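Engineer: The structure follows.
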2 protein chains.
Amino acid sequence: MKTQISGQAAADDAVLDRFYAVIPAGGTGTRLWPLSRAAAPKFLHDLTGSGSTLIRATYARLEPLCYGRTLVVTGKLHRQAVCAQLPELEDANLVLEPEPKDSAAAIGLAAAILHRRDPRIIMGSFAADQVITPAEDFQQAVREAVHTAAEGYIVTIGITPTHPATGFGYIRSAGALQVPGAPNAHAVAEFVEKPDEQVARGYLATGEYSWNAGMFVAPVDLLLKHLETNEPELFAGLTEIAEAWDTPERGAVMRRVWPGLPKTAIDYAVAEPAAAAGDVAMIPGSFSWDDVGDFAAIGRLNTASETSGLTVLGDGARVFAESATGVVVSDTKRVIALIGIDDVVVVDTPDALLVTTKEHAQKVKSAVEHLRASGDTDVL
Amino acid sequence: MKTQISGQAAADDAVLDRFYAVIPAGGTGTRLWPLSRAAAPKFLHDLTGSGSTLIRATYARLEPLCYGRTLVVTGKLHRQAVCAQLPELEDANLVLEPEPKDSAAAIGLAAAILHRRDPRIIMGSFAADQVITPAEDFQQAVREAVHTAAEGYIVTIGITPTHPATGFGYIRSAGALQVPGAPNAHAVAEFVEKPDEQVARGYLATGEYSWNAGMFVAPVDLLLKHLETNEPELFAGLTEIAEAWDTPERGAVMRRVWPGLPKTAIDYAVAEPAAAAGDVAMIPGSFSWDDVGDFAAIGRLNTASETSGLTVLGDGARVFAESATGVVVSDTKRVIALIGIDDVVVVDTPDALLVTTKEHAQKVKSAVEHLRASGDTDVL
């Protein structure tokens, strides 16, 4: 018995040693304007009152699995901020996009670079701006996903739904898979688009559906095989960049090739066709997960800083509240007085102020679109 | 007939030539924090969107009656701001209080200075921070008050109540007086304190009560006679300052005498005892009057700048509103986005932000008291 366990543990280690974390850090988090904006997107903020920015927390959550084998893909505008957050990150593991090209290019380039280094790598892709607790449950799900990926699957981590959300796509699972080290692995039947509420209720009733949080673990060769099939032009461009990546030509080839790459989402380029081919599996994630989609989420995620219904976020916030509930995010040193107002959302930044309610938090996006249309782009 | 009219007109002119306007400019307007504050009180703001500060509008409203015969009493902190607003004001007509001593000292000193210049002067006292329209109706009421004062009365201008307000004292009028040039003059029976709402309803039902807006017109000698009777110590001090006022000793005597003067309100020192002595009359003011007591008033007073229920005050305000009503006062160049919130009050200044509702506008005062108690005095 002892020998057998040791043998299993050694096999475990061998599989997990192939794991490499990829963190795509993009998006401006429009619904969190004016805190989150082009120059300071969501992942650069501490939205949970934990003392860490979301990207730092994402990195730290993956560290016990990858021991520094982490690659970050972000916009070149964020180089300095990301390096300040992740000082351990090697230069060769920071992919700076000269311009945004959607997720297939970002994640595909990471896969191509890693494949060039070692074609046996199993990569996991985890967005930089999600909030997950407890980290241990997440890490266990990723370990199962790595074991499942080693069997030749693209493995998504599906979030067990807590309510019939209409803001996420869903994953329909099929039968259980028999994978050593992954007792919860299931086959995936299909990915489905964001449903309306009635459809979402139906999904929850079946017990077969999970939220698609965009997290997946895959052997880089399998991921690239699907990318090559579905987006041959994109694949060719990414391969060209990857071949130059760990050479002095990196910058020149990136600048030459990147601007001409097609823009498409990893869902269309890889995940959905792979699911249709029976190459996708799913590990259910029963941890608590939040994509911090709006300021109402900040109220939910900061129960620690809540005083009688009012959540206050921000170093040095000077808030006086009387008969007031809701969320205050202070990015200034100004005194903020709230009097006789419920479920309010106040976001105070040096050049822009938002006042809304938790109920209307999702509408912040349309305000940003209006400001862009009216030319007030200095505050976006 | 012609001669008689001319004679009457000449008599009119002679009486009106004795008129001198006094503008006490004090108080911080705590209920309008953080716009109004110790360093920038209410009277220094344009709260009606007219393009004029309240003190400038007050001066301009009196100008057709007094032709520059205007004396302003304010705190020495406001010297520069008041001079910028009233560049016409002669130095000898600007009384700067080294420290606040309540209204009896402020108005009494104005009376004493004017009495020293010409004992026949009839002064009118009008606070610097009230909003009155139309100016012509106000001026006509003041003309009647001057004629009535010339007959030996302290004449208050009573505001015809529009609702059973509980924030003002009331004036109970008695029978009509027969005064040439003042067809609306009435005797005053008594001044009464701020009532509760039920009592106020009773007052309105009788038709005998007006709001006491603190506006009065009086011969300076009569005013000083009552002051001497009721506050002999204050009278003596003010007389000493007045004797030095138009001499090189002004500053030295002011600095020596003022700090020791007793603090009391003109209501107790003059108006109420004079009413008891039968020396007070009243001219009803049927003009529209507002003391801009809170931010809800700013919504009422700025109908011109209102767009679909939202009043925006402030040069260079950059406000984006979607399904939002209420009042926005912008004292910065920041973008302010309001989404899905009704009857909100947002006051945005460089160092302090207030978010409340019209309904709670009166509670701003308690927020200021709390901030003072907690030591946040830098923003008061």
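The values are calculated or read from the model by the stated rules, or taken from the named source; none is laboratory data. Predicted model, so just to flag it, every value in this text is computed and none were measured. Every residue, glycine among them, receives a Cβ derived from its backbone with ideal geometry; neighbour counts consider all protein chains shown. Keep in mind that these areas ignore ligands, DNA and RNA; they rest on the heavy atoms of the full protein, side chains included. Shrake-Rupley method; radii C 1.70, N 1.55, O 1.52, S 1.80 Å.
Engineer: Report, as an integer, the average count of C-beta atoms from other chains found within 10 Å of each Cβ along B:345-351. Provide the component values of the computation, followed by the final result.
Structural biologist: Values: counts 4, 3, 1, 4, 2, 2, 5.
If you average over the peptide's residues, the count of other-chain Cβ atoms is 3.
Engineer: Just from its helices, what would the mean residue ellipticity at 222 nm be for the protein assembly as shown, if runs of 4 or more DSSP H residues each count -39500 (n - 2.57) and the sum is divided by every residue, rounded to the nearest 500 deg cm²/dmol?
Structural biologist: Details: 24 runs with 263 residues, N = 760.
Rounded to the nearest 500, the figure is -10500 deg cm²/dmol.
Engineer: Mind grabbing the interface size between A and B? I mean buried accessible area, both sides, 1.4 Å probe, in Å² to the nearest hundred.
Structural biologist: Values: alone 17210 and 17170 Å², together 31660 Å².
In total, chains A and B hide about 2700 Å² from solvent.
Engineer: Based only on Cα atoms, what Rg/Rh ratio does the stretch B:168-231 have, Rh being taken as Kirkwood's radius?
Structural biologist: On the way: Rg = 14.1 Å, Rh = 13.6 Å.
Ratio value, two decimals: 1.04.
Engineer: In the stretch A:66-163, which chymotrypsin sites (Phe, Trp or Tyr not before Pro) are in a loop and have at most 12 other Cβ atoms within 10 Å, using DSSP for the loop call?
Structural biologist: Numbers: sites: A:Tyr67, A:Phe126, A:Phe138, A:Tyr153; in loops: A:Tyr67, A:Phe126, A:Tyr153.
Listed in order of number, the matching sites are A:Tyr67.
Engineer: Give me the three principal axis extents of the stretch A:48-121 from the C-alpha atoms, as integers in angstrom, largest value leading.
Structural biologist: Extents along the principal axes, in whole Å: 38, 30, 20.
Engineer: Which value, to two decimals, describes the C-alpha radius of gyration of the protein assembly as shown once divided by 2.2 N^0.38 Å?
Structural biologist: Values: Rg = 37.2 Å, N = 760, 2.2 N^0.38 = 27.4 Å.
So the protein assembly as shown has a normalised radius of gyration of 1.36.
Engineer: Rounded to the nearest 0.05, what FRET efficiency do B:Glu99 and A:Asp46 give with R0 = 45 Å and r taken as the Cβ-Cβ distance? Could you check?
Structural biologist: Values: r = 47 Å, r/R0 = 1.04.
With R0 = 45 Å, the Cβ-Cβ based efficiency is 0.45.
Engineer: Right, something else. As an exercise, use a Förster radius of 35 Å and the Cβ-Cβ distance of A:Thr160 and A:Ala39 to find the FRET efficiency, rounded to the nearest 0.05.
Structural biologist: It comes to 0.50.
Engineer: For chain A, find the longest principal axis of its Cα atoms and tell me its angle to the long axis of helix A:197-206, 0 to 90°, nearest 10.
Structural biologist: Relative to chain A, helix A:197-206 is tipped by roughly 40 degrees.
Engineer: Around A:Glu144, what is the net charge, scoring Lys/Arg as +1 and Asp/Glu as -1 over all other residues with Cβ under 12 Å from its Cβ? Mind showing how you got there, number by number?
Structural biologist: Working: positive: A:Arg143; negative: A:Asp12, A:Asp137, A:Glu151.
Net local charge, A:Glu144 excluded: -2.
Engineer: Relative to the longest principal Cα axis of chain A, at what angle does helix A:54-66 sit, 0 to 90 degrees, rounded to 10?
Structural biologist: Result, in degrees: 30.
Engineer: Sticking with this structure for a sec: Under 5 Å between amide H atoms, partner at least 5 residues away or on a different chain: which partners does B:Gly340 have, H built in plane at 1.01 Å?
Structural biologist: B:Glu322, B:Ser323, B:Ala324
Engineer: While we're here: What is the calculated FRET efficiency for B:Lys225 to A:Thr206, with r their C-beta to C-beta distance and R₀ = 60 Å, to the nearest 0.05?
Structural biologist: Numbers: r = 93 Å, r/R0 = 1.56.
Given R0 = 60 Å and the Cβ-Cβ separation, E is 0.05.
Engineer: Starting from the Cα of B:Glu136, move 7 Å in the Cα-to-Cβ direction to define the label point; list residues of the stretch B:61-80 whose amide nitrogen is under 17 Å from there.
Structural biologist: B:61-65
Engineer: Kirkwood Rh, Cα Rg: Rg to Rh for the stretch B:84-199?
Structural biologist: Values: Rg = 16.6 Å, Rh = 16.9 Å.
Over the Cα atoms of the stretch B:84-199, Rg/Rh equals 0.98.
Engineer: At a 1.4 Å probe radius, carbon and sulfur cover how many percent of the accessible area of chain A?
Structural biologist: On the way: 7960 of 15840 Å².
Of the solvent-accessible surface of chain A, carbon and sulfur hold 50 percent.
Engineer: Suppose we keep just the alpha-carbon trace of chain B; what are its Rg and Dmax in angstrom?
Structural biologist: 21.5, 71
Engineer: Please provide three numbers in whole Å: the alpha-carbon extents of the stretch A:18-157 along the principal axes, with the largest listed first.
Structural biologist: In descending order, the Cα extents are 45, 34, 26 Å.
Engineer: Could you give the dipole magnitude of the protein assembly as shown about its Cα centre, charging the beta-carbon of Lys and Arg +1 and that of Asp and Glu -1, in debye to the nearest 20?
Structural biologist: Working: 62 positive and 96 negative charges, 128 e Å.
Dipole magnitude for the protein assembly as shown comes out near 620 debye.
Engineer: What are the GluC sites (Glu not before Pro) within the stretch A:104-206 that DSSP puts in a loop, where the Cβ has at most 11 other Cβ atoms within 10 Å? Don't jump to the answer; show the numbers that get you there.
Structural biologist: Details: sites: A:Glu136, A:Glu144, A:Glu151, A:Glu190, A:Glu193, A:Glu197; in loops: A:Glu151, A:Glu193.
In loop regions of the stretch A:104-206 (DSSP not H, G, I, E or B), the sparsely surrounded GluC sites (Glu not before Pro) are A:Glu193.
Engineer: Please identify the trypsin sites (Lys or Arg not before Pro) of the stretch B:278-338 that satisfy two criteria: DSSP loop assignment and at most 16 other Cβ atoms within 10 Å. Which are they? Write out the running numbers ahead of the final one.
Structural biologist: On the way: sites: B:Arg300, B:Arg318, B:Lys333, B:Arg334; in loops: B:Lys333, B:Arg334.
Here the trypsin sites (Lys or Arg not before Pro) that fit, given the DSSP loop and packing criteria, are B:Lys333.
Engineer: Another question, then. Hey, can you find the accessible area per residue of the protein assembly as shown for me, probe 1.4 Å, expressed in square angstrom?
Structural biologist: Details: 31660 Å² over 760 residues.
Accessible area per residue: 42 Å².
Engineer: How tilted is helix A:232-245 with respect to the longest principal axis of chain A? Cα atoms for both, answer in degrees (0 to 90, nearest 10).
Structural biologist: Long axis of A:232-245 versus the principal axis of chain A: about 90 degrees.
Engineer: What list of ³J(HN,Hα) couplings, whole Hz, do you get for the stretch A:181-188 from phi and the Karplus terms 6.51, -1.76, 1.60, once you set θ to phi - 60° and write x for glycine and proline?
Structural biologist: Going residue by residue, I get x, 9, x, 9, 5, 10, 6, 10 Hz, with x marking Gly and Pro.
Engineer: Treat every Asp and Glu Cβ in the stretch B:335-380 as -1 and every Lys and Arg Cβ as +1, leave all other atoms uncharged, and give the resulting dipole magnitude about the Cα centre to the nearest 20 debye. Display every interim value, and only then the final one.
Structural biologist: Details: 4 positive and 8 negative charges, 31 e Å.
The dipole of the stretch B:335-380 has a size of about 140 debye.
Engineer: Once you put a point 7 Å from the Cα of B:Ala265 and another 7 Å from the Cα of B:Glu359, both along the Cβ direction, what distance in nm separates them?
Structural biologist: Using points 7 Å along Cα→Cβ, the separation is 3.0 nm.
Engineer: Going by amide H atoms built from the backbone, whose H comes under 5 Å of the H on B:Met123, apart from near neighbours?
Structural biologist: HN-HN under 5 Å from B:Met123: B:Tyr20, B:Ala218, B:Val220.
Engineer: Write down Rg/Rh for the stretch B:297-379, rounded to two decimals, with Rg from the C-alpha atoms and Rh from the Kirkwood relation over Cα pairs.
Structural biologist: Working: Rg = 13.2 Å, Rh = 13.4 Å.
Looking at the stretch B:297-379, the ratio lands at 0.99.
Engineer: Can I ask one more? In a Gaussian network model over chain A where Cα atoms closer than 10 Å are linked, find which of A:Thr28, A:Thr48, A:Thr133 has the largest mean-square fluctuation.
Structural biologist: Looking only at A:Thr28, A:Thr48, A:Thr133, the largest GNM fluctuation is found for A:Thr133.
Engineer: Provide the gained length on full extension for the span A:Ser366 to A:Glu322, in nm with one decimal, where the gain is 0.36 nm per separating residue minus the Cα-Cα distance. Mind showing how you got there, number by number?
Structural biologist: Values: separation 44, 0.36 × 44 = 15.84 nm, distance 3.02 nm.
Between A:Ser366 and A:Glu322, full extension yields an extra 12.8 nm.
Engineer: Quick query: amide H of B:Val345 versus all other amide H atoms, modeled in the peptide plane; which residues come in under 5 Å with a sequence gap of 5 or more or a different chain?
Structural biologist: Sorted by chain and number, the residues that satisfy this are B:Val327, B:Thr356, B:Thr357, B:Lys358.
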